[in-house]
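Colleague: I'd like to ask you about the structure that follows.
The values are calculated or read from the model by the stated rules, or taken from the named source; none is laboratory data. What you are looking at is a predicted structure, and each value in this text was computed from that prediction instead of being measured. So basically every Cβ, Gly included, is an ideal-geometry build from the backbone, and we count neighbours across all protein chains shown.
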Amino acid sequence: MAILSEIQIRELKNSLENSGLPYRENQDLSANCSFKIGGTSPIMVEPETQEQILETLSVFKKLDLPWKILGGGTNILISDHPNDFVILKLSGGFKEYKDMGEGIFQVGAATNTTPVFRQISQKGYTGAEFLSTIPGWTGGAVIQNAGCYGGELFDLIQEVEFLRDGEVLKRRPSEIEHGYRFTEFLKRKDSIILSILIKLKPGNLEEIGTSLKEKRDKRNSSQPQNKKSAGSMFKNPKVFDEQGKEIKAWQFIDKVGLRGLQIGGAQISPEHCNFIVNTGGAKASDVYGLVNTVQEKVEKETGVILQREVEYFGSIP
């Protein structure tokens, strides 16, 4: 795919300005993701309402422009080559959540999961404490069916509101293909998550506070802190030992001797083998090289195929 021309960018800017759509130019995508890796996007459109999303997509279609939606950027590796697409990033009302009563909450796709689900839990509702330890945006958490400590987001969801083919749709979990770190939205890149409805049970505030702290402390003690990464790089392969205990992805990586391996500025974390960290100046190709090395060596020596959990964003390597 060709890099966007100056003429295309100028036409896009004119169309956005004529439509009153908010946008920013020459955005450093490394500043929009937790890996701190990525090139520059010529245009980032930031719609604040459903109407503005539809208008933005209409402009993209009219000008025949390739586009991608970017959320919190905590589970992606962005190409550091000049980008050949424009970015859509939700803003405005999508950054809010509403208490609908009786334990039901409407959560916007652009809300930050950690503070939002902590706040919801602190209202005296239990079941979402684990989500307060997962960084990123709610929309991305929906797409991946994010989870940890035995819980998954789809365990709580009553309804997903999303945009597809110019139509706003609402679907129950039973109507959406989903599983471990997977939903149909990973395959349908034309879908834009708008919000979700979740239902929680009332709980004891003191017990909820204890649960929040225990999960936060557990994550802080077992994962790299204040490091530039995208979280768990690989999905757990659902392999069990003779006692029926699950063998995690990090254990296979450690078993084949890759703990601490470094390519360029990217390193397999010495603290947690399922994390790749940017030690400074890492390129997307460095991370890509580590990912391939891990997958090839683990499969060769153990027969286990590790699947990426982190999504590639743009042309990599």
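Colleague: Which residues, counting only those in the stretch 232-275, are under 23 Å from Arg181 (Cα atoms), out of contact with any Ser or Thr (no Cβ under 6 Å at 6 or more places or on another chain) and part of a strand (DSSP E or B)?
Modeller: Ser232, Phe234, Val239, Phe240, Glu246, Ile247, Ile268
Colleague: Here's a check for you: in the stretch 170-226, which residue that is part of a helix (DSSP H, G or I) and within 16 Å of the chain's Cα centre (by Cα) is surrounded by the most Cβ atoms within 10 Å (Cβ to Cβ)?
Modeller: Only one residue tops the list, namely Phe185.
Colleague: Report yes if some residue within the stretch 51-72 is among the hydroxyl-bearing types (Ser, Thr, Tyr), farther than 18 Å from Ala284 by Cα and either modelled with pLDDT of 95 or more or not assigned by TED's automatic domain parsing to the domain that holds Ala284 (or both); otherwise report no.
Modeller: Within the stretch 51-72, one or more residues are among the hydroxyl-bearing types (Ser, Thr, Tyr), farther than 18 Å from Ala284 by Cα and either modelled with pLDDT of 95 or more or not assigned by TED's automatic domain parsing to the domain that holds Ala284 (or both).
Colleague: From Gly314, Gly231, which residue is modelled with pLDDT under 95, small (Gly, Ala, Ser), closer than 23 Å to Gly72 by Cβ and touching a Pro at 6+ places or on another chain (Cβ under 9 Å)?
Modeller: The match here is Gly231.
Colleague: Test each condition in (1) closer than 18 Å to Ser5 by Cβ; (2) part of a loop (DSSP other than H, G, I, E, B) for Pro47 and report the one that comes out false.
Modeller: The single condition Pro47 does not satisfy is (1).
Colleague: Which numbered condition in (1) over 20 Å from the mean Cα position of the chain (by Cα); (2) more than 16 Å from Ser34 (Cβ to Cβ); (3) hydroxyl-bearing (Ser, Thr, Tyr) is the only one that Thr279 fails?
Modeller: Only one criterion is unmet by Thr279, namely (2).
Colleague: Within the stretch 207-228, is there a residue that is free of Cβ contacts under 8 Å to residues at least 24 places away in the same chain and on the phi > 0 side of the Ramachandran plot?
Modeller: Yes, the stretch 207-228 contains at least one residue that is free of Cβ contacts under 8 Å to residues at least 24 places away in the same chain and on the phi > 0 side of the Ramachandran plot.
Colleague: Cβ-Cβ distance below 9 Å, separation of 6 or more or different chains: which pairs start in the stretch 149-170 with a residue that is within 25 Å of Ser211 (Cβ to Cβ) and touching a residue at least 40 places away in the same chain (Cβ under 8 Å) and end on one that is surrounded by 17 or more Cβ atoms within 10 Å (Cβ to Cβ) and aromatic (Phe, Trp, Tyr)?
Modeller: If the second residue must be surrounded by 17 or more Cβ atoms within 10 Å (Cβ to Cβ) and aromatic (Phe, Trp, Tyr), the pairs left are Tyr149/Phe130.
Colleague: Taking only the stretch 274-311 into account, find how many residues are more than 12 Å from Leu77 (Cβ to Cβ), buried (at least 20 other Cβ atoms within 10 Å of the Cβ) and acidic (Asp, Glu).
Modeller: Counting residues in the stretch 274-311 that are more than 12 Å from Leu77 (Cβ to Cβ), buried (at least 20 other Cβ atoms within 10 Å of the Cβ) and acidic (Asp, Glu) gives 0.
Colleague: So, in the stretch 157-169, how many residues would count as being loosely packed, with under 14 Cβ neighbours inside 10 Å and of a type in the set (Asp, Glu)?
Modeller: Total satisfying the criteria: 2.
Colleague: Hydrophobic (A, V, I, L, M, F, W, C) and more than 28 Å from Thr40 (Cα to Cα), is that true of Val287?
Modeller: In short, no.
Colleague: Can you say whether Glu46 is of a type in the set (D, E, K, R), surrounded by 14 or more Cβ atoms within 10 Å (Cβ to Cβ) and touching a Pro at 6+ places or on another chain (Cβ under 6 Å), as far as the supplied structure shows?
Modeller: When the stated conditions are applied, Glu46 passes them.
Colleague: Restricting attention to the stretch 1-34, and to residues there that are among the basic types (Lys, Arg) and in a helix (DSSP H, G or I), which single residue is surrounded by the most Cβ atoms within 10 Å (Cβ to Cβ)?
Modeller: Only one residue tops the list, namely Lys13.
Colleague: Which members of the stretch 98-118 meet the condition of being free of Cβ contacts under 8 Å to residues at least 40 places away in the same chain and aromatic (Phe, Trp, Tyr)?
Modeller: Phe117
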